[in-house]
Amino acid sequence: MTRHQLRFQLVTYLYQHLLLGKSIANIIVDEQLREGTEAGDYLLNNLYNLIDHEATYAQFIQEHLSSEWKYERLLALDRAILLAAISEFALDEAARSVIINEAVEIAKEYSSEDSYAFINAVLDQL
């Protein structure tokens, strides 16, 4: 898998977590993710990081929203994209500009019409 495909897969797992309330631990088990491959290592590193830090990352996002918005009001897909990008920032997986560009591209392809600009603006502030 390419890194772009892995990022999209990570967003997909987080979307399941946020929309369906499925625990990240259950996603890891259900998807039979294993260490030892580039794909498995990337996904597991980010998912384990999010198990430990999801609430902190959600608070970071909340702090960079306008006062009228709440994190919980954001589309689940937008939250998933933001969480995936912030996890990559924290793990220093790639250059910030690459991570932001990938998040914007995923939002352009899969989220609402204006989401990409919003996601870009939030990630630029972090």
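The values are calculated or read from the model by the stated rules, or taken from the named source; none is laboratory data. Being a predicted model, the structure only gives us computed values, none of them experimental. Cβ coordinates were reconstructed from backbone atoms using ideal geometry, including for glycine residues, and neighbour counts include every protein chain displayed.
Of the candidates ILE81, ILE106, ILE119, the single residue that is in contact with a helix residue (DSSP H, G or I) (Cβ under 7 Å, 6 or more places away or on another chain), among the β-branched types (Val, Ile, Thr) and over 21 Å from ILE24 (Cα atoms) is ILE119. In the range 58-102, of all residues being without any contact (Cβ under 8 Å) to a residue 24 or more places away in the chain and hydrophobic (A, V, I, L, M, F, W, C), the one that is surrounded by the fewest Cβ atoms within 10 Å (Cβ to Cβ) corresponds to ALA95. Of the residues making up the range 13-44, those that are in contact (Cβ under 8 Å) with a residue 24 or more places away in the chain and within 22 Å of ALA107 (Cα to Cα) are TYR13, LEU14, TYR15, HIS17, LEU18, LEU19, ILE24, ALA39, TYR42, LEU43. Of the set (1) modelled with pLDDT of 95 or more; (2) in contact with a helix residue (DSSP H, G or I) (Cβ under 8 Å, 6 or more places away or on another chain); (3) over 15 Å from LEU6 (Cα atoms), all apply to ALA55 but (2). In the condition set (1) touching an Asp or Glu at 6+ places or on another chain (Cβ under 9 Å); (2) more than 18 Å from ASN120 (Cα to Cα), PHE8 is compliant with all but (2).
Being exposed (fewer than 12 other Cβ atoms within 10 Å of the Cβ) and under 19 Å from ALA90 (Cα atoms) narrows it down to one residue among ALA39, ALA55; which is it? So that I can check it myself, show each step before the final result.
Details: ALA39 fails: exposed (fewer than 12 other Cβ atoms within 10 Å of the Cβ).
The unique qualifying residue is ALA55.
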